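In what follows, a structure is listed as structure tokens, so that the remarks can point back to it.
The values are calculated or read from the model by the stated rules, or taken from the named source; none is laboratory data. As the structure is a computational prediction, the values presented were derived from the model and not from experiment. With ideal geometry, Cβ positions are generated from the backbone for all residues, glycine too; neighbour counts draw on all protein chains shown.
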Amino acid sequence: MSEIPGTAGDVMWQSSPPGSIYDYIRVASFSIGPDGLIEQWSRRAAGLFGMASDEVVGKDPVEAFMPAELRPDAHRRVGEILDGKEWTGLVPFRIPGENSVRGLAEIYVMPSETDTRERAALCIVVDVRALRRIETDLAASQAIFGQSPFGFVLFGTDFTVVRANKRFATVFGGEADDHRGRTVEDYLTRPEAERLTATLRRVLETGDAVTDLQLVGTPPGSMGRRHWSMNLYRVHSGSGRPVGIAGLATDVTQRHIAAREAASARRNLALLNEASARIGNSLDLETTARELLDVAVPGFCDLASVDLYQGLLTGEEASPGSWGGRHHESGTGSAELRRVAHASAVSDALPGVIPGARTGGTAEADGGTGPPELGSVHRYPFHSPCAVALRTGRVEDVPGDERGFVHSTLAVPMVAHDIVVGLVQFSRTKGSEPFGERDRALATELAARAAVCIDNARLYRREHERALILQRSLLPPGDPEAAGLDIACRYLPGNTATEVGGDWFDVIELPGHRTALVVGDVMGRGLRAAVAMGELRTAVRTLALLDLEPAEVLSALDEVARGLGTPGGGERSDGFGAGGGAQWPSRAAHKSREADLSEVYLATCVYAVYDPVTRRCTFANAGHLPPVVAEPGEPATLVDVPPGMPLGVGGEPFEEVEVELKEGSLLALYTDGLVESRDHPLDEGLDAFRQALAEPSQPLEDVCDHVLTTLDTRHGEDDIALLMARIQGLAPNAVGDWRLPRELRSVSRARELARVQLTAWGLDELVDTTELLVSELVTNALRYGEGEIRLRLLRDRTLVCEVWDAGLVQPRRRRARDTDEGGRGLQLVGLLSAAWGSRRTPRGKTVWFELALPDGEPAAELSVEQLLSMY
């Protein structure tokens, strides 16, 4: 027996636990004696009716509690009860002293006997309001428990099911009552059951409710896994004693599916966004393939590989369908592919577990035994999923490997502009979800994006190679040679990730063993710049052959640059050019194109002419970087040449600077790619370049290599052109220079001087020819020229003879008539010499011819046809 304090401060003894039905109903009792008066009055009756026992004992209950209008009938019923009749009914009652009815009591009257065997009655009284409240609560509880659309279950303190509703039973089978006494192990797998049991224990011990407890299980008779969200809270009796745990379970499987699909969609969008940012940053085929796999693994799959058609990689043009059409028609298998990329997030020891391929070098489909290695060339069997994907352009499923390691593989053709360029395979291994329809769509999109980038890289590489071939074809072939100069050059084109530029250099032999050194840079990149470079280089060579001064060459070249890109063109007003009839773009045509910047060609150029006799070099600059000169024992310096405006701007004249160079000096011409990059300013690059030339006495080729390895050129960002020349003037004994008076005897004197000089040089084989040609040139100078005559012989790799006079009229070769006695001198010069020409000088003109030095073979004599051609 336990002792529980009552509401009135008294003690009530009870054996049942607190919270029984009597605690809620509060049953009261009193007894009626044989005389119809109240004999006993319980404390609960006193609490119910509000009257103590001393106020009611010995009184008529009808007169004490019943309203006046009900008393007659009440007296009759009391009499029937005392006659031995039981009665149950509702009786309104009032408190004595009050006229209003206070409440309604349900009274159960049982006849009884006293110890003298007289008739009496025992009355059990319940307040109807408490009964109705209990009924309402039970009905509400039943409605919530039984009619709830959610699974409702009540666990006892021993964690067995005490009650479950119909919804719970429909999920787990049977009737609701069939679940009484079951445990969580009857519904869930062991790990889930242990987790739920631990949660039930915690709720029972702490009283803290748990919301949205996620559980996973498989209902009886179902193959699919279900997800439930369960809310748990502790249930108490009326006295606050824990009597169990209530659980409300909701099936959230669809919500989980929707959340998983939403997460998958977000992941796919994020993956596509990452693909857009990371794929195609390089215009290189293999790099683009690796970028695709960097995005896909492990974000999308566990293993992946990329195969590209071998023809695409070797630069072949695509057929109308793809690179593999010829092999598809033959039925022997796919075209040759090369594995260019492979990635794995599972194990580095499994490089080739992706199924579906046969290798064996370039053997046919049945000639290999395993998956392709990275870099290998292979074919897929004709009926294999990979070959079908390549042939049809559709995604195909590839069976897993025999070990069950790879259980889901997609063979996705890489299609760009309706042309299949290769195949990418995405694989998921054991433990990952198989590919679904959303995954197939994502795989197709990833492959398509990479395919477009790969095709763009292919097209760019093709154009880059063409531009590079064009560019290199326009550069001087082999090692340039020049009189009085030791020359070394380097040209480094940008890598395949950048477009070719318009850098160029040239070494042009001029009359009198002089040499023109040219370095230029067309602004812009690509094939357009390479073509412009070729046109300007050709123009420079043409202008150089006219033997113009450097400033005049750049001025004429500026006109050429402004005319590039103009369709047609107008006549140049000054008639400059060979014969005065060359077509040049007019100023008006140029002005009409000023708004179209795409047609503007700008270039920088430095043009230098070196004379080995005087060791003087004349420079003219059109917006280019200044030349660098390193004299023996002195630090390298920049030649102070006025930079001028770039070619194509026009409107400004160019200035010349003449510099005398010491023997053994080093002259360097270069483009900005050598000294300028994004990481350091131009001044730092120029300083580093001058420091790299601190040892100009080394072999020139070594100096070039030292410069390129020392400077931080960031090669690949821009083309680099470097032209270096070591000054080696002609020896004094290799020059014969005489001044002759303007008289007839100077002709014989010139022949004599030439004969003596050639004999001294050991060139006896050239004496007769030289005497004849010198006689012709000196005679023409006397006949058509003016002022003093100057004769100069130069011996280097060839023999050059120059005759100077002050006349401005240029000699012109013409065909003499049969009756003419003269007029055949220049024809004879042209037939007997290797080359001849004339040029303007500041004080007149110079006519020259060149003879090859004897090589031990007898000199060729003029044929009859050559002699007759002069007549």
Query raised in the report: Can you tell which of G247, G280, G240 is in the same structural domain as F159 (by TED's automatic domain parsing) and in a loop (DSSP other than H, G, I, E, B)?
Result: G240
Query raised in the report: Which of (1) at pLDDT 85 or above; (2) outside any loop (DSSP other than H, G, I, E, B) is the odd one out, the single condition R840 does not satisfy?
Result: (1)
Requested in this report: Inspect the stretch 317-325 for any residue being at pLDDT 80 or above and either in a loop (DSSP other than H, G, I, E, B) or surrounded by fewer than 18 Cβ atoms within 10 Å (Cβ to Cβ) (or both) and give the result as yes or no.
Outcome: no
Query raised in the report: Quick one: how many residues across the stretch 291-312 are assigned to a helix (DSSP H, G or I) and over 11 Å from the mean Cα position of the chain (by Cα)?
Result: 5
Query raised in the report: In the stretch 533-563, what residues are at pLDDT below 85 and buried (at least 24 other Cβ atoms within 10 Å of the Cβ)?
Result: M533
Query raised in the report: Does the stretch 408-438 hold any residues that are more than 24 Å from the chain's Cα centre (by Cα) and farther than 19 Å from P372 by Cα, and which are they?
Result: K430, G431, S432, E433, P434, F435, G436, E437
Requested in this report: Hey, can you tell me all the residues within the stretch 623-635 that are of a type outside the set (D, E, K, R) and either modelled with pLDDT under 90 or outside the structural domain of L674 (by TED's automatic domain parsing) (or both)?
Outcome: P632, G633, P635
Query raised in the report: In this structure, does R572 turn out to be in contact with a helix residue (DSSP H, G or I) (Cβ under 8 Å, 6 or more places away or on another chain) and modelled with pLDDT of 80 or more?
Result: no
Query raised in the report: E192: touching a strand residue (DSSP E or B) at 6+ places or on another chain (Cβ under 7 Å), of a type in the set (D, E) and not assigned by TED's automatic domain parsing to the domain that holds A64, yes or no?
Result: yes
Query raised in the report: Among the numbered criteria (1) out of contact with any helix residue (DSSP H, G or I) (no Cβ under 7 Å at 6 or more places or on another chain); (2) over 25 Å from L510 (Cβ atoms); (3) modelled with pLDDT of 90 or more, which single criterion is violated by E821?
Result: (3)
Report summary line: Out of (1) in contact with a Phe, Trp or Tyr (Cβ under 6 Å, 6 or more places away or on another chain); (2) modelled with pLDDT of 85 or more, the one V829 does not meet is (2)
Query raised in the report: With (1) surrounded by 14 or more Cβ atoms within 10 Å (Cβ to Cβ); (2) without any contact (Cβ under 8 Å) to a residue 24 or more places away in the chain; (3) among the hydrophobic types (A, V, I, L, M, F, W, C) as the list, and L138 as the residue in question, which single condition is left unmet?
Result: (1)
Query - Residue list for the stretch 34-58, restricted to those being assigned to a loop (DSSP other than H, G, I, E, B) and under 19 Å from E113 (Cα atoms) - result: P34, D35, G36, L37, S42, V57, G58
**Report entry** Residue that is closer than 25 Å to E118 by Cα and at pLDDT below 85, where the choices are E63, E86
**Finding:** E63
Report summary line: Filter the stretch 631-648 for residues that are surrounded by fewer than 16 Cβ atoms within 10 Å (Cβ to Cβ) and over 18 Å from P550 (Cβ atoms); the one that is nearest to the chain's Cα centre (by Cα) is T637
Query raised in the report: Assuming H227 fulfils every condition listed in (1) modelled with pLDDT of 85 or more; (2) in the same structural domain as V153 (by TED's automatic domain parsing); (3) within 30 Å of L442 (Cα to Cα); (4) surrounded by fewer than 17 Cβ atoms within 10 Å (Cβ to Cβ) apart from one, which condition is it?
Result: (4)
Report summary line: When the stretch 729-760 is checked residue by residue, the ones that are in a helix (DSSP H, G or I), more than 26 Å from V609 (Cβ to Cβ) and either in the same structural domain as K662 (by TED's automatic domain parsing) or not small (G, A, S) (or both) are R745, V747, R749, R751, E752, L753, R755, V756, L758, T759
Query raised in the report: In this structure, is D127 touching a Leu at 6+ places or on another chain (Cβ under 8 Å), surrounded by 11 or more Cβ atoms within 10 Å (Cβ to Cβ), modelled with pLDDT under 85 and over 21 Å from E69 (Cβ atoms)?
Result: yes
Requested in this report: Answer yes if at least one residue in the stretch 104-116 is loosely packed, with under 11 Cβ neighbours inside 10 Å and at pLDDT 80 or above, and no otherwise.
Outcome: yes
Requested in this report: State whether one or more residues within the stretch 259-269 are at pLDDT 90 or above and out of contact with any Gly (no Cβ under 7 Å at 6 or more places or on another chain).
Outcome: no
Requested in this report: Run down A341, A345 and say which single residue is of a type in the set (A, V, I, L, M, F, W, C), in contact with a Pro (Cβ under 8 Å, 6 or more places away or on another chain) and modelled with pLDDT of 85 or more.
Outcome: A345
Requested in this report: Kindly indicate the residue of the stretch 417-448 that is among the small types (G, A, S) and modelled with pLDDT of 90 or more and also nearest to G311 (Cα to Cα) among those meeting that condition.
Outcome: G422
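For (1) basic (K, R); (2) within 30 Å of G299 (Cα to Cα); (3) surrounded by 12 or more Cβ atoms within 10 Å (Cβ to Cβ), each residue gets a yes or a no:
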{"site": "E192", "(1), (2), (3)": "no, yes, yes"}
{"site": "T197", "(1), (2), (3)": "no, no, yes"}
{"site": "L200", "(1), (2), (3)": "no, no, yes"}
{"site": "E205", "(1), (2), (3)": "no, no, no"}
{"site": "A249", "(1), (2), (3)": "no, no, yes"}
{"site": "R267", "(1), (2), (3)": "yes, yes, yes"}
{"site": "L272", "(1), (2), (3)": "no, yes, yes"}
{"site": "N281", "(1), (2), (3)": "no, yes, yes"}
